[in-house]
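The values are calculated or read from the model by the stated rules, or taken from the named source; none is laboratory data. Keep in mind that this is a model prediction, so the values were computed, not measured. Glycine also receives a Cβ, built like all others from the backbone with ideal geometry; neighbour counts cover every protein chain displayed.
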Amino acid sequence: MKLLQKTKSDIMALVACLAVYAIIQTLILTDVIGPFWQLNIVLIGINIILVVSLNLINGFTGQFSIGHAGFMAIGAYVSAVLTVKFQLPFIAAIAGGALGAGALGFAIGLPTLRLNGDYLAIATLGLGEIIRITILNISYVGGASGFMGIPRYTDFTWMFAFTVFTVFVIKNFIDSTHGRACISVRENEIAAEAMGVDTTKYKVLAFTIGAAFAGVAGSLFSHYFYIAHPASFTFMKSFDILTMVVLGGLGSISGSITAAVLLTFVSAALASYPEWRMIIYSLMLIILMLYRPQGLFGNKELSLKMLSRWTGGKKHGSTQGN
Amino acid sequence: MALLKATKLSIVFGGLRAVSNFNVEIAPGELVGLIGPNGAGKTTAFNLLTGVYQPTEGQIEFDGKSTVGLKPYQITQRGIARTFQNIRLFADLSVLDNVKIAYHFHVKYGLVESMFRIGRYHKEEAEIEEKAIKFLEIFQLADKKDEIAKNLPYGEQRRLEIARALAAQPKLLLLDEPAAGMNPQETQQLMEMIRWIKKEFNLTILLIEHDMSLVMGVCERIYVLDYGSIIAQGTPMEIKNNPRVIEAYLGEEV
């Protein structure tokens, strides 16, 4: 019965996704959504991938990483090389970008994840910058002027498919024994080890998976904007992603999605007032940290149950007992 | 044959010999106590047995195989589970999830199966859930399965920690001061529980304890540790009347 219930909610989620896709795609095709908002919708999708994958590392496994833009850059450049220089199909290029970023995440994760807390944060910040500066000095991929002439393969459909795929895979991972192992590392590393969890393995695993999905986001990014430029992947980009993770709630996927949508939307809406953008952005964060330091959703997930508690009030909340 | 055998175990921190020449032999099915005054090295000895510290010298054999050099999680997978002096639950997780994690290393489905929910995923997850709930029922925590672990009362947190350790299906259970912070009545209940789980799960238990009534009441054999070395061993009766033990606890007679 439990299984049936799970399958039922899976199907409902799928139907909801298809509905959202159909609505937005129709609006795009009928030109109700213009090019500016189309661009921002694609950005929202890319940001969701980045935020959810970083949340796996920071929120669920509790390893504070702030070099996510570096892995995004690897994905952007590797996939661009694959489509431009090797004429591979887009899907193969995305896989290549993900593999490249994942492999680097693995190689970097092994030594750095021995560190914890602030030390890990500093190390990953440095790594993100090292990746960017290394790319800046490789003339094969255009160096400081960026990698130009990338075909625009990414459209709303590609973006939507990969966003759903990312959320699906990471959510399932977290709901499995492997995800519980990651969460146990966050909760109490010594106890996790005493319960037979190979903590090093799961830290590196979460880091690798997170990096691979950042690579996917990078691939979609460079194939939307025709260009991959080192300036797109500075530590400011890493902070942007981190901000969304914290705003949504460390350890909440629905929080990550909400925050990615909200912040991308806000910064797009404020695009014509660039001088106000950062002020409003920071004010939002200050207010949030004062009144809700655990983020919008804390470590909870938005569910139908939660919604019915909000709308149904006390009557439902007390009788549900769960 | 002994289930656990530690020979000449020593560890040196800087200039301090926290544990030296620690010899312990535990046969399958025994319930053994390890006592000693504050700072005698009891918890350090536990940490040596569970791989948290690596011994400077000496040998540890569990189930006929050496465990020296193994990491804590590998030792747990071999069949030694433990609880902690200061409770270490997964504080922000539900009671049920705390127990589920103990099944982690028994799970066979792989990464890809978990990401796409295919293959053995559904069947094994259902089994884990069922087993974990059964466990909570045994420890009378089933009605609190969805509560967050840190919100449980102290006594129940202790019980949950023991339940979690047992869910890993160990052969040997190490309990580090299970009665710490409990009142006499709770200690009494704990004593009964320890006896019961030993029988029910066919376990071997080694427990560290300060509470003399608990140790004397429940243990079949007792080791006494003082200044890092074993100074006496025997039945509770023998230990009670051992002059060296009395000296270690109460000081030398003038």
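Structure notes:
- Residues in the range B:68-84 that are in a strand (DSSP E or B) and not small (Gly, Ala, Ser): B:ILE80, B:ARG82.
- Lone qualifier among A:MET244, A:MET284, A:MET278 - being out of contact with any Gly (no Cβ under 8 Å at 6 or more places or on another chain), within 25 Å of A:GLY210 (Cα to Cα) and of a type outside the set (Gly, Ala, Ser): A:MET244
- Some residue of the range B:233-247 being in contact with a Pro (Cβ under 7 Å, 6 or more places away or on another chain), of a type outside the set (Phe, Trp, Tyr) and outside any helix (DSSP H, G or I): no
- For the range B:39-67, a residue qualifies if it is part of a loop (DSSP other than H, G, I, E, B) and touching a residue at least 12 places away in the same chain (Cβ under 8 Å), and the qualifying residues are B:ALA40, B:GLY41, B:THR50, B:GLY51, B:VAL52, B:TYR53, B:GLN54, B:PRO55, B:THR56, B:ASP63, B:GLY64, B:THR67.
For (1) farther than 20 Å from A:ILE227 by Cβ; (2) outside any helix (DSSP H, G or I), each residue gets a yes or a no:
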{"site": "A:LEU110", "(1), (2)": "yes, no"}
{"site": "A:LEU127", "(1), (2)": "yes, no"}
{"site": "A:ILE133", "(1), (2)": "no, no"}
{"site": "A:TYR140", "(1), (2)": "no, no"}
{"site": "A:ARG152", "(1), (2)": "no, yes"}
{"site": "A:MET159", "(1), (2)": "no, no"}
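- Candidates A:GLY102, A:GLY128, filtered to the one that is within 23 Å of A:LEU242 (Cβ to Cβ), touching a residue at least 40 places away in the same chain (Cβ under 8 Å) and in contact with a Phe, Trp or Tyr (Cβ under 7 Å, 6 or more places away or on another chain): A:GLY128
- Candidates A:PHE233, A:PHE265, A:PHE239 - the one that is aromatic (Phe, Trp, Tyr), on the phi < 0 side of the Ramachandran plot and surrounded by 19 or more Cβ atoms within 10 Å (Cβ to Cβ): A:PHE233
- Selected residue (criterion: farthest from the other protein chains (Cβ to nearest Cβ)) from residues of the range A:161-186 that are assigned to a helix (DSSP H, G or I), of a type outside the set (Val, Ile, Thr) and within 18 Å of A:VAL204 (Cβ to Cβ): A:CYS182
- Test: residue in the range B:119-132 that is touching a residue at least 12 places away in the same chain (Cβ under 8 Å), on the phi < 0 side of the Ramachandran plot and within 18 Å of the chain's Cα centre (by Cα): no
- Sole exception among (1) in contact (Cβ under 8 Å) with a residue 12 or more places away in the chain; (2) more than 19 Å from the chain's Cα centre (by Cα); (3) within 25 Å of A:THR208 (Cβ to Cβ) for A:PRO151, by number: (3)
- Hits in the range B:88-146 - residues which are part of a helix (DSSP H, G or I), more than 7 Å from every other protein chain (Cβ to nearest Cβ) and among the small types (Gly, Ala, Ser): B:ALA132, B:ALA142
- From the list A:SER254, A:SER232, A:SER267, the one residue that fits, being assigned to a helix (DSSP H, G or I), under 29 Å from A:ILE183 (Cβ atoms) and of a type in the set (Ser, Thr, Tyr), is A:SER254.
- B:ILE205 being in contact with a strand residue (DSSP E or B) (Cβ under 8 Å, 6 or more places away or on another chain) and either assigned by TED's automatic domain parsing to the domain that holds B:VAL19 or not in a helix (DSSP H, G or I) (or both): yes
- Of the set (1) assigned by TED's automatic domain parsing to the domain that holds A:LEU56; (2) assigned to a helix (DSSP H, G or I); (3) among the β-branched types (Val, Ile, Thr), all apply to A:THR243 but (1).
- Of all the listed residues (A:ILE28, A:ILE91, A:ILE44, A:ILE33), the sole one being surrounded by 15 or more Cβ atoms within 10 Å (Cβ to Cβ) and within 23 Å of the chain's Cα centre (by Cα) is A:ILE44.
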